[in-house]
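Just so it is clear, none of the values below were taken in a lab; they were calculated from the coordinates. Note that this is a predicted model, so its numbers are computed, not measured. Neighbour counts run over all protein chains shown; Cβ positions are idealised from the backbone, glycine included.
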Amino acid sequence: MNTFSFKIFYIFLVILPAVSSCSKGGKPVAEPIKVESLAADIVELRADQITLAKIELGSIEMRSIGNTLKVNGIVTVTPQNLATVCMPLGGFIKNTTLFPGNAVNKGQTLAVIENQDFVDIQQNYLEAKNKLVFAEAEYKRHTALFKDEVYSEQNVQQVTVEYRNLKALIKSLEQKLDLIGIKPDHLTEDNISNTVYLVSPIRGYLKAVNINIGKYVSSTDVLFEIVNCDNLLLELTLFEKHASKISSGQNILFYINDEKEEHAAVISQTGRSVAADRTLRVYAKVTSTCKNLLPGMYVSAFVQESDSLAQVLPSEAIVSFDDKDYVFVYEKEKVEDGKPFTEYRMIEVKKGASANGFTEISVSQGVDLDSLKIVVRGAYNLLSAKKNAGEMAC
């Protein structure tokens, strides 16, 4: 029995160093890897992945979402903001420095025009004005002598007619001078000129310039067209069956050309008659600042039939997963292994009406979307990262 125990002890001593040497000289045993466990509603991305996914943040908006009526029309201006400039007495173009597209101010010189008739009008005015001084003195003198029964009534009447005729002539010449842009009060024998300055009646941009140096223009020729783009209108064409759906004060969203930028307007006036093609005109005042908007442009407009406001997001911000609708919101920034990451959280929402690329949403009580940064672009890429965490997420 002792011999057997000794053998076992001996074998244990022989095996122990071998086991010890194996544990020292062999490969180290791998320690357990710590793996972060993300919540089911969280997805995280690195900075380069965020750029690749084209993530953009935004916020909830309040918009009128209801039935909309699509109509077409053009951009126009009120008659007070469109000016056609002519030269009432005609003449030759002596000088101009403008061309279409130039901005002009009210009272700015558009062109210099010369005509010998301008000299004749000024000369006749000054001569008539000088004669009036003598005629007025004669009129007063004859009137006084008539009262003293020195002159006959016939003489007084003749002097009176001549005096009044001169006053009428001077008044008519003053109107002609005003018409061509010469102020009668500033006219003297020393500043008679054969040129006049054609000035702009409004502020705006030159839509058309129909002159050149040396060209003769008549009183009926349109020399310049000026448009003021500060107060633009939409002239919309509406079918008569939709007339009952339109009223003053309704909001309009419209687009020009192929641009995605949204512009706003408010209906200011509706037509009171129907044309032969069974349409009527509706006018809306542009309320948003639109740098690219010019008179004559074609527009596609959407009239909002409902004025009730709702919380909305761009439709692309809402994703569907397992028969439910979600939005992603910014959660926080963090650092793992020295690398920065951004977490986004999924929030379940309920969709409502959709119009013009926006969708009405609602959330459960206790969730304040107004205070959250919402992913308005790239939400589907985040959903893909959630579904395929091994490809996009960490």
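Listing for the model above:
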quantity: Rounded to 10°, Cα long-axis angle of helix 2-25 versus longest principal axis of the chain; calculated: 20 degrees
quantity: Whole-number percent relative contact order across the chain, with pairs defined as alpha carbons under 8 Å at least 6 apart; calculated: 27 percent
quantity: Sequence-separation-based contact order of region 90-226, relative, with Cα cut under 8 Å and 6+ spacing, percent; calculated: 45 percent
quantity: Cα pair distances exceeding 21 angstrom across region 34-181, given as percent; calculated: 75 percent
quantity: In Å, descending, principal axis extents of the Cα set of region 179-330; calculated: 92, 47, 30
quantity: Dipole magnitude of region 90-226, debye to nearest 20 (Cβ charges: Lys/Arg +1, Asp/Glu -1, about Cα centre); calculated: 540 debye
quantity: Ranked by how many other beta carbons lie within 10 Å on average, peptides 283-289, 268-274, 374-380 from highest; calculated: 374-380, 283-289, 268-274
quantity: Simple label model, 7 Å out from Cα along Cβ direction - THR78 to ALA168, nm; calculated: 4.0 nm
quantity: Farthest toward positive dipole pole in the chain [+1 Lys/Arg, -1 Asp/Glu at C-beta], among LEU179, LEU223, ILE252; calculated: ILE252
quantity: Spin-label model distance (nm) - LYS131 vs THR237, 7 Å beyond Cα toward Cβ; calculated: 5.9 nm
quantity: Listed residue (ALA168, LEU280, VAL156) projecting farthest to the positive dipole end of the chain, Cβ model; calculated: LEU280
quantity: Two-decimal log10 I(q)/I(0) for region 249-327, as the Debye equation yields it once each C-alpha is a single scatterer, q = 0.26, 0.27 Å⁻¹; calculated: -1.30, -1.33
quantity: Viscosity 1.567 mPa s, 4 °C: Kirkwood-radius Stokes-Einstein D of the chain over Cα pairs, µm²/s; calculated: 43 µm²/s
quantity: Dipole magnitude (debye, nearest 20) for region 217-333, charges at Cβ of Lys, Arg, Asp, Glu; calculated: 600 debye
quantity: Estimated FRET transfer efficiency when R0 is 51 angstrom, pair GLN154-SER193 (beta carbons, to 0.05); calculated: 0.75
quantity: Cα radius of gyration and Dmax for region 277-394 (Å); calculated: 20.1, 72
quantity: Dipole in debye (nearest 20) - the chain, about Cα centre, beta carbon charges: Lys, Arg +1; Asp, Glu -1; calculated: 900 debye
quantity: LYS140/SER248 FRET efficiency (R0 41 Å; Cβ-Cβ; nearest 0.05); calculated: 0.10
